[in-house]
Amino acid sequence: MAGLRFDLRDTPEGAPALRAELRAFLAEAGKDWSPRVRAYSWMGFDRDFSREVGKRGWIGMTWPKAYGGQERTALERYVTLEEMLAVGAPVGAHWIGDRQSGPLILRLGTEEQRREFLPRIARGALAFAIGLSEPDSGSDLASLRTRAEKVPGGWRINGRKVWTTNAHLCDFMIALLRTSPITDPRQKHQGLSQFLVDCRLSGITIRPILDLVGEEGFNEITFDDVFVPDSMLVGQEGAGWEQATAELAFERSGPERYLSSLPLLTAALDDLRAEPAAPEAVGRLLARAGTLRQMSLAVAGMLQEGKTPAREAALVKDAGNDYEQALPERLREFFDPGRTPPEVQEMQGYMTMVARSYSLRGGTREILRGIIARQLGLR
Amino acid sequence: MSDTNEDLRGILLEQVERLLTDRSSPNLLRATERGEWPAALWAEVEALGLPLALVPEAMGGVGLGWADAVAVWQVLGRHAAPLPLAESMAAAALLAAAGITPPAGLIALALPGEATAWGRQAGHVAAVQGGEVTLHAAADLTWQPGRSLIGREPADQAMLGEPLARGRVPAGWGADAGLLAGALLQAAKIAGALEAALDMTVDYAKTRKQFGRPIGGFQAVQQQLAVCAAEVAACGVAAAQAGRAADRRGLAGAEFRDRLGQGGGGRGSRDRCRHHPPGACRHRLHR
């Protein structure tokens with residue numbers, strides 16, 4: 001069979017108790033979150049909130065206790081993510097560290113790096129940005145040009161990164177940089193390496209990029225002779241491409257790839273009761289969410305078993321993005337400006353604008369479908 | 001129940017897969033559409049104990065659950081198996097749940113308002129109306145010509161008389177147990193058929209050449225097939241999830257109706273577009 005298999009999984013035995021704990025915490029922490037805050041969901045950045053989450057052991061949950069983790073399972077972590085996303089908690093200050101930077105350091109970092117970074121991420125005290133895309137290298141990531149040159153004791157970085165969401169608020173990024181020049185364009189995947197870069201180092205300029213919504217969360221980082229010591233190289237010099245590909249499996253695998261707009265559905269439920277045709281539409285949306293959830297859980301289960309389900313993750317992200325993009329528009333049909341509460345309308349308006357980005361961030365729809373086509377043996 | 005039956009399920013699936021690979025052919029499908037009963041194939045599925053697979057062991061069955069059934073039905077769909085095995089399995093399960101020991105042989109499933117596939121070939125007919133299940137001897141019934149909703153096999157309308165036995169399914173099976181079972185088996189078969197359609201379409205895209213190269217080499221085609229693969233996977237997951245929910249919470253707890261309706265309908269037509277002789281698609285399900 002040409003397609004991909006997604007075996008059904010169950011959430012772990014302790015899930016109901018964990019859920020109850022999370023819900024109690026989120027009800028209290030979120031009592032003053034405006035619909036706008038909830039609409040930001042995992043793009044929302046709130047260090048105080050992240051520290052509270054860290055205090056309860058819900059960041060880096062699966063990591064060894066020696067590095068500040070809780071040694072819980074990937075599926076327990078999944079339950080935690082679901083609860084956070086369902087209410088649109090502003091998890092952005094710890095999301096990237098928990099999801100991909102921490103796991104990367106745990107897998108490939110030196111002992112020194114693990115001890116230095118992981119406990120701080122787990123406490124919610126260290127925010128990470130993603131350092132992959134560049135102005136001329138997005139989907140064709142391997143063509144990136146920002147370079148790190150070897151100098152005594154370390155590396156000197158020059159170039160630019162974009163789509164570094166919230167980098168102006170973050171502490172560190174893991175940057176994918178060219179450490180050997182491209183000699184043959186067919187071998188552009190070689191000669192890349194990953195580095196831990198302190199976002200406040202001298203030579204770094206972070207310039208905001210105003211987006212369509214009128215926000216500046218997205219920005220551009222310029223590196224001008226930035227020095228990082230040897231100890232900041234992550235994994236192997238020259239193996240950056242393979243490392244980053246594995247990192248993307250983490251980046252694409254989570255429930256945030258179909259749940260970004262779910263808080264709108266929750267917020268709108270009461271209002272939707274007034275529309276006779278709404279229950280069927282809501283039923284369909286929930287049924288689809290149920291299927292996507294099973295697929296997403298299947299990917300989490302594979303991660304738990306130590307696999308790298310990059311293709312499965314791409315498929316779930318693609319299907320999930322379609323879903324989370326369609327949801328605000330589907331619900332809009334039932335809203336009535338004279339009846340629907342203004343905060344629900346505001347949330348809907350905001351999501352309609354940002355929903356475009358759901359199928360860009362973390363890999364575009366076209367790139368993901370290319371990955372699936374490769375699985376089908378067409379490429 | 002089904003969760004502990006993994007090994008048994010695996011063996012059964014392998015047997016069904018092998019049997020249908022060997023026996024289910026375009027010629028057989030055409031013959032059944034002309035109204036010829038596939039007696040030899042039916043004898044083989046009966047020899048495997050499949051018709052009573054969902055019936056508890058105490059009533060002479062194998063004791064498999066709905067999730068296991070979904071897996072079997074998906075294989076039937078993948079091979080476009082030209083026999084009413086899924087319906088007979090569901091009929092036996094419904095009878096057993098209503099406290100009626102299911103008879104051996106083909107049990108046709110009669111649902112309200114629908115023609116009964118292969119009813120005239122059956123030994124017995126199980127009619128389900130709401131939560132009530134009745135068992136009839138097929139020979140005692142009179143039949144009016146009917147037409148199958150989807151397939152092309154013979155399907156007629158039974159005029160039900162006094163039943164041999166009468167019972168009710170447990171409340172957890174819902175007020176529409178027959179329709180739910182029917183929806184579940186159709187959902188599983190659709191999911192299986194979509195897998196086959198995807199495989200065939202991908203093969204075709206790799207071999208059919210236009211503009212000097214396989215059409216699968218064009219990004220526009222690749223992207224459509226990628227979407228198709230995602231929907232096919234989603235349909236399989238939705239059907240499997242529905243089977244599991246039916247085992248855990250009763251048939252009424254199954255969650256499949258919506259998803260399969262969307263994925264099945266839309267994607268089926270998209271796949272068909274890719275094969276240019278549209279009428280050939282159904283028969284090509286037999287490789």
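Computed quantities for the displayed model
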quantity	calculated
Inter-site label distance for B:MET159 and B:LYS209 at 7 Å from Cα along Cβ, in nm	6.3
Positive minus negative residues near B:ARG120 (Lys, Arg vs Asp, Glu; Cβ under 13 Å)	-4
DSSP bridge pairs, chain A: antiparallel proportion in percent, nearest 5	80
Paired Rg and Dmax values of region A:232-379, which use every Cα atom, in angstrom	18.2, 61
Cα-based helix-to-principal-axis angle, A:342-358 vs chain A, degrees rounded to 10	40
Pairwise label distance in nanometres, A:THR110 with B:GLN144, each label 7 Å out on the Cα-Cβ vector	8.5
Net +/- balance of residues flanking B:GLY130 in space, Cβ distance below 11 Å, scoring K and R +1, D and E -1	-1
Sparse-neighbourhood loop sites, chymotrypsin sites (Phe, Trp or Tyr not before Pro) in region A:133-214 - DSSP loop, at most 15 other Cβ within 10 angstrom	none
Proxy reagent accessibility, fewest Cβ within 10 Å first, across B:TYR204, A:TYR67	B:TYR204, A:TYR67
Computed label-point distance, nm, for sites A:LEU201 and A:GLU28 using a 7 Å Cα→Cβ extension	4.1
Centroid-to-centroid separation of region A:313-350 and region B:1-72 [C-alpha atoms, Å]	44
Gyration tensor (Cα) of chain A, equivalent ellipsoid semi-axes in angstrom	34, 22, 22
30 Å Cα-Cα reach of A:LYS150 towards lysines, excluding residues that sit fewer than 8 places from it in its own chain	A:LYS161, A:LYS188
Antiparallel %, DSSP beta bridges [both residues in the protein assembly as shown], to 5	80
Dipole moment magnitude, nearest 20 debye, the protein assembly as shown about Cα centre, only Lys, Arg, Asp, Glu C-beta charged	1480
Gained length - A:ASP230 relative to A:GLU242, 0.36 nm times residue gap less alpha-carbon distance	2.3 nm
Between 0 and 90°, nearest 10: helix A:310-332 axis offset from chain A longest Cα axis	40
Theoretical ellipticity at 222 nm over chain A - DSSP helices of four or more residues, -39500 (n - 2.57) apiece, nearest 500	-14500 deg cm²/dmol
Residues in region A:1-44 that a label on A:GLU343 would reach, taking backbone N under 17 Å of a point 7 Å out along Cα→Cβ	A:26-41
Bins of 10 Å, starting at 0 and running to the largest distance - Cα pair percent for region A:130-240	15, 48, 29, 7, 0
Degrees separating the helix A:74-86 axis from the principal Cα axis of chain A, which is the longest one	60
Positive minus negative residues near A:GLN194 (Lys, Arg vs Asp, Glu; Cβ under 12 Å)	-1
Charge dipole (the protein assembly as shown, unit charges on Cβ, about Cα centre) - positive-most of B:LEU198, A:ALA24, B:LEU109	B:LEU198
More than 16 Å apart - percent of Cα-Cα pairs taken over region A:198-294	76
Charge dipole (debye, nearest 20) of region A:47-90; +1 at Cβ of Lys and Arg, -1 at Cβ of Asp and Glu	200
Qualifying trypsin sites (Lys or Arg not before Pro) in region A:223-326, DSSP loop, other Cβ atoms within 10 Å at most 14	A:ARG273, A:LYS307
Reference-scaled alpha-carbon Rg (2.2 N^0.38 Å with N residues) for the protein assembly as shown	1.08
Contour excess over end-to-end distance, with Cα ends at A:ALA326 and A:THR183 and 0.36 nm allotted per residue	47.1 nm
FRET E, pair B:GLU57, A:ARG284, Förster distance 30 Å, beta-carbon r, rounded to 0.05	0.15
Cβ-based exposure ranking for A:SER50, A:SER143, A:SER202, A:SER137, in which fewest neighbours within 10 Å come first	A:SER202, A:SER143, A:SER137, A:SER50
At R0 = 35 Å, FRET efficiency that the Cβ-Cβ distance of A:ARG36 and A:ALA277 yields, to 0.05	0.80
Of the DSSP H helices in chain B, those whose Cα atoms cover at least 27 Å axially and whose Kyte score averages 0.0 or more	B:177-207, B:219-249
Charge dipole magnitude, Cβ of K and R +1, D and E -1 - region A:15-126, Cα centre, debye nearest 20	20
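Since every read-out is calculated from the coordinates, none of them should be taken as a lab result. No experiment lies behind these values; they were computed from the predicted model shown. Every residue, glycine as well, gets a Cβ built from its backbone with ideal geometry; the counts of neighbours run over all protein chains shown.
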